[in-house]
Structure formats: C-alpha cells, structure tokens
Amino acid sequence: MSARPALDTAANSPVVYVVDDDLSMGRTVVDILALAGIAAESFASGASVPAPNGVDRPDLAVVDQRLPDTTGIALSARLKTQDPDLAVILLTGYASTDSAIAAVGLVDDYLTKPVPPDDLVRRVRAGLERTQLRRQNRNLIARLHELNLSLEATVAERTRELQHVHRQALEDQAIRERLQAQAEREALENRIHRSQRLESLGQLAGGVAHDFNNLLAVILNCASFVAEETVGNQCVQADIKHIETAAEQAVQLTRQLLIFGRQEKTKPEALDLNIVVADMQGLLARSISEDIKLVVRPAASLPAIRADKGHIEQVLINLAVNARDAMSDGGILTIQSGVAYLDKEYARLHPEVTPGRYVELSVSDTGVGMSPDVAARIFEPFFTTKPPGKGTGLGLATVHGVVTEAGGSLSVHSDQGAGATFRAFFPTANEQAPTATAPAPAFAPPDRARQSWSLKMNRPCWRSQLACCGATSTRSWRPRHRHRHYRWRQITRSTCSSPTW
C-alpha cells in the first residue's frame, strides 16, 4: 500500500475549524493540533462559524454533534454546500447507529470522545490532505475545462478556416474546370471552323482546278500542234518549250489542288505502310541533303490500311521535303510507324475521327519549328512561309487531302527551335495487304516513238499520275498528222512530269 503524501503545512498554511459548545474540549483540541503544527480556531456554536469561502476559508472542520443551535450533521451539510471540497470530521460523545447513518455522505470521518491525541492528529492530517487533493482536483478540472474550451474554440476556428479553404478550393476547381471546358470548347470550335474552312477551300480549289485542268489540256494540245507545224523555226520552238514547261508546272499544281479537294480519282487498296516506306526509303534519302540523317523505325506486325499507294508515296515525299527545308543546317529526319488507339476524348476534339485502332505514320524533324499561328494555317492551300519562288504552299495541303480522303486524321506538334512532328492516323483495313507489289506490264512498241512512250510511262510518278492526264491524252489523240505517236508522247510528258514542291 502506497504511503500518503505529506501535508505541506508551511506552503499551504492549513486552517482547522473546531466547533464545540464545550469550551474546554474545544480548547484542548486546538492545543493538541497546535503542538502538531496545525493552526486551528475554536467556535462554540454553529451560527458563529463563518462561511468557508474567500482567502481565509478553512481546510478542515471538526464539528461536535451536539451544538446549542444546531446539530453537527446539519452544520456539516451547510459547510459542504458552501465548500464541497471541505473535509469534515464529526466528533461526538457517544456513537449511535442513527447518527452514523445520517452522517454518511456528509462527513469524511467519525470520531467518538474521548479521542486520543495521536489519533486526532492523524485523522486531522488525513482530512487536510483530502481537502487539499479535492481542491487540486477541482482546480485541475477547471483548468482542463478552460483548456477544453480553448481547444474547442481553436478547433472551431480551424474548422471554419478549413471550411473556407475547402469552399475556396471547390470554387477554384469549378473555375478551372469551367475555364478548361471553355478552352476545350473554343479549341473544338476552332478545329471545326478550320475543318469547315479547309473543306470550303477544298471544294473551291477542286472546282477551279478541274476547270483549269481542262484549259491546260487545250493549251498543251495547241502547243503540241504548233510545235509540229514549226519544226524548223527555232525561235518558235523555244517559245513552245517555255509554254510546255509552264503548263507542266500548272498541271502539277492543279493535281495537288484536286488531291486537296478530294476530287481526284483514287484507287484505294490494302497497303502495308512499312512496305510503302521501305520502297520509298531510297528516294527519300536522295530527296534530302547529305547533312540530314534519315532514320526509319517500322513497327512490327502492322495492320493494313486502305488508301491509294501513289498518294501515300506523295505524303512521304511532301513531308520529307518540307522537313528538309526546315533543316537548312542539317539534322535528323525520323519516319516511324506504329499502332495507336484514338479514344473518345481524342474523337471529341477531332470530329472527323471515330474512336478505334489506327495505323500511325509519324514524320519528325529537328528543324526550326513553327509558331502556333503558323501551325494553325499550314494545311491551307497556298499558305507558305518560304520565300517567293521556293514553294507553292500546296505540299501540306495535299498531305491533308490524302489523309482525309483515306478517312484518317492529321495533326502537327511543333515548337520554335525544337522541330516539328506530323502524325497521320489511318483507319485499319479488314483485309490483308499484299506482301509484294505486282510488276508493271511490259510494252513492246514497234517503233521508236512508242518505245519512248513505254520508257516514260514506266516511271512510278507518271504511272501514279496517269489518271489525271488521261483525258488530256485522249483528247489529243486524233489522226491529224503522221507523227501522232509523237504527239501523244509529248502531251503525256508535259502533263506527268516530276512534281515541283
């Protein structure tokens, strides 16, 4: 059993009230406690006992049961009401069961006269310690209550701050989401407007190119007839040559406009993009300068696409030449193929695309790059950043027309000084692509003119452009002169020359 803590009488200066109508008995108790170092005051009646409050309140009351104006139990009840922490010792000359039961809960100890001095001192010290512990406990509870109130106030204030911060965060998030939605809506509207503008430009350019192509056919036919009639006139022949050269360039421009406007006849077939790139790799390497490194990264097990092979080849040539012009000081041209899945989010921002699996053709360069304003207009016909005479502004417009005609999507990402990446997405085909292309049919013309026709028609770029030149050739085929074979060859050469980018 642990020992009780000693009473610190010097620090606390405990005071004991002794209430007894027997003055000698009261004086004796005060003297015994004084010898033990405990200060005590004696009172002869209950009415003479002051209320136990203020700075001079007692720390213990020793109350006699029989008083002239009240009983010890009644006085103890009054003192306990005024000071619940005050310890009370009931002192009586005789012990009875009734008085003991009545004292339960009102007094802290119960002594019978005569009380031995040692027992009295021991009981008084115990009562003083009990009062001191109760008051300390009450002070601690009060302090804890104050701390609890302060903590509750702090928590409430912090909660209000957090709620304010949370509301502010929700408002900021709502603003960000609203701004993001607005930006996406504006981007989508701009993309739709750009697509509609390109569609309108394509229809306009295609209609103009179709009519202009017919006029060029007449010009080339007439130039051919004049050339035949003035064989010996060198001055006229030189002029005719200039006319034919200009007409050849015009024919190529009209063909690019027709491709951009998706009005040129196409022959879609199942293609393996890796095979097309591999077949074009040598030509692409010769199309760029020696200080540009060509890197080709084909993907394995690439699905087939359905498109016109000649048009896909033209896409590769146009993008390669465009990248070459952007790397005047040399760099790296990377052509990469792969499989991409375009989700609903991409399709939402690109209305021309339906979600699904696509074959991706990526062409990247390390050139000068483009500003956002330039990148937004590069697919428009006749828009170019090259110096006059260096470009027609139809190369990328043709690329856009080819990809769109194949049901795909074309995008570009570029930063000034960080190069550009063009990404073309083609829908996958349900059929398998052939592993090798069929050889071109052989010709065995009987005369020198037909031999020249055969050699020129076997050129890949002319074979791919024969469709746009057929009407011109057919129209010029009429038995007007004995050199009709020469006339056909001449017209075909003029309308199907190599492109000017």
Where in segment 260-342 are there trypsin sites (Lys or Arg not before Pro) that are in a DSSP coil and have at most 13 other Cβ atoms within 10 angstrom of their Cβ?
-> K265
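Set the Förster radius R0 to 25 Å, insert the Cβ-Cβ distance between T154 and L133 as r into 1/(1 + (r/R0)^6), and round the FRET efficiency to 0.05.
On the way: r = 30 Å, r/R0 = 1.22.
It comes to 0.25.
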Rounded to the nearest 0.05, what FRET efficiency do D239 and N214 give with R0 = 30 Å and r taken as the Cβ-Cβ distance? Could you check?
-> 0.85
Length-normalised contact order for segment 314-438 - Cα pairs under 8 Å, 6+ apart - percent = 28
Which semi-axes, in whole Å and largest first, does the equivalent ellipsoid of segment 301-393 have when worked out from the alpha carbon gyration tensor as the square roots of 5 times its eigenvalues?
-> 27, 17, 14
In segment 42-66, which residues have a backbone nitrogen under 14 Å from the label point lying 7 Å from A34's Cα in the Cα-to-Cβ direction?
-> 42-43
Placing each pseudo-label 7 Å from Cα in the direction of the beta carbon, S13 and A300 end up separated by a distance in nanometres of 9.8
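Each reported figure results from applying straightforward, stated rules to the coordinates on display, with no laboratory input. Just so we're clear, the structure is a prediction, and the values are computed from it rather than from any experiment. Cβ atoms come from the backbone with ideal geometry, glycine included; neighbour counts cover every protein chain shown.
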